[in-house]
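Reading through the structure tokens given below for one structure.
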Amino acid sequence: METIIKKITDNEIENDKIIKTAAEIISRGGLVAFPTETVYGLGGDSFDPAAAEKIYAAKGRPSDNPLIVHISEFDDIYKLSDEVPEIAKVLADKFWPGPLTMIVKKNKSVPVTVTGGLDTVAVRLPSHKVARKLIKESGTFIAAPSANISGRPSPTTAKHVIDDLNGRIDMIIDDGSIEIGLESTIVDLTEDVPVILRPGYVTFEMLEETVGKVRLDKALMTGVKENVKPKAPGMKYRHYAPKAELTIIEGSPEKTVARIEELVKEAERKGQKAGIMLSEENFDKICSDYKLCLGSSSDENEIARNLFACLRKFDDMDIDVIFSEGFSEEGIGQAIMNRLLKAAGHKIIEV
Ligand code: TXA
Ligand code: MG
């Protein structure tokens, strides 16, 4: 299949044409990759089971892993659920449009293909202008996972989407780099208190401040153990994974740098090509042709924005092993470490 690729520019008339073309593709059952404020999404009509099947096929994603339904205004949620709790309105007033996904009981209109067989549905109202216009223009809601091949890091540029999905979907809307760079926070509203199933830009503290008591899903941060299943099915799969094996090194800056140097030497002795992922503060302390800077450790937003792109760059460099320093789990740091730990298969060395 030939994929149409169109770039968003300063020309609003042209942009409207692009969005119109994309909306038409969605409404006749096709797939369009589009920018959101978190990561690029791969969208299809959320009321069309065949479109959902196409999404699973294009991504190579297991069909028990449900999709997020994207809406363009708050009241749309009532078309997906007959049991929207009060707290959804409170959260929406504070965080929508924006990087928060809410899980509520689904009604009959939502196909089980979209929800991976669950009786709940994930709903998100994105703030990205192109995403919202596309949803409105398509006259439906848009089911969209991240626009990557299943298991690879989520795409934060159109190039990432092209690398993974060119030739497999109808259209890609290119709007350059993404603002946040990590997927939305997912909060489950079907329990006694809101439960965070996936940390993101909207943090535990921000949620707690807005609604009082909040819990973290047990399977978070510790990884998936046999007796603790994550409630978001997607969190059980190996994710965000670069081709190389990744290890996180955590400790004081001096000890971390020293241990990474040792590990790199050891790998090189074995004939392996070793990549390093560092903060700006530690970047000049190690010499290597294969090092990437994630940004300043005092600016978590920058690290969040760069993380997935760096993991993909290592793939392009044909690296065998990657060593990364660990980061603080304050604020969005919790989301950064959640993704990094998953990419590393929870391999950490404490020094
Ligand atoms: O920022 C985002 O959320 C991006 C953009 C495109 O909006 N989307 C995204 O979708 O990250 P995806 O499919 O890559 O991740 C969706 C996650 C999966 O882990 C899935 O298991 C979980 O949401 N999920 C979806 N519906 C659910 C439900 N009803 N109950 C529990 N988890 C659900
Ligand atoms: Mg994803």
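Would you mind getting the accessible area per residue of segment 21-177, heavy atoms of the protein chains only, 1.4 Å probe, in Å²?
Accessible surface, normalised per residue, equals 35 Å².
For segment 1-109, what does the alpha-carbon gyration tensor say about shape, rounded, prolate or oblate, given a ≥ b ≥ c as the root eigenvalues, a/c under 1.5 as rounded, and a/b over b/c as prolate?
oblate
List, in the order given, every pair from K89/K129; K94/K136; K59/K213 whose Cα-Cα distance in the structure shown is over 25 Å.
Over 25 Å apart, Cα to Cα: K59/K213.
Return the carbon/sulfur percentage of the accessible area of the chain, one whole number, probe 1.4 Å, all protein chains in place.
Percent of accessible area from carbon and sulfur atoms in the chain: 48.
Taking square-rooted eigenvalues a ≥ b ≥ c of the alpha carbon gyration tensor, is segment 55-191 rounded, prolate or oblate, where a/c under 1.5 means rounded and, failing that, a/b exceeding b/c means prolate?
Taking the square roots of the gyration eigenvalues as a ≥ b ≥ c, segment 55-191 is prolate.
Below 16 Å, Cα to Cα, which aspartates and glutamates can K20 reach? Residues fewer than 8 away in the same chain don't count.
Candidates past the 8-residue exclusion: E12, D45, E137, D170, D174, D175.
If a/c stays under 1.5 just call it rounded; otherwise compare a/b with b/c (prolate if a/b is bigger, oblate if not). Do that for the chain, with a ≥ b ≥ c from the square roots of the Cα gyration tensor eigenvalues.
prolate
Which percentage, to the nearest 5, of the DSSP beta bridges contained in the chain is antiparallel?
Beta bridges within the chain, antiparallel portion: roughly 35 percent.
Could you work out how far the C-alpha centroid of segment 283-333 sits from that of segment 78-132, in angstrom?
Here the two parts' Cα centres lie 32 Å apart.
Around K94, with a cut-off of 15 angstrom between Cβ atoms, what is the net charge of the other residues, counting Lys and Arg +1 and Asp and Glu -1?
-3
The values are calculated or read from the model by the stated rules, or taken from the named source; none is laboratory data. Computed from a predicted structure; not experimentally measured. Because the Cβ atoms are built from the backbone with ideal geometry, glycine has one as well, and the counts that use them run over all protein chains shown. Ligands, DNA and RNA are excluded from the accessible area calculation, which covers all protein heavy atoms including side chains. Shrake-Rupley method; radii C 1.70, N 1.55, O 1.52, S 1.80 Å.
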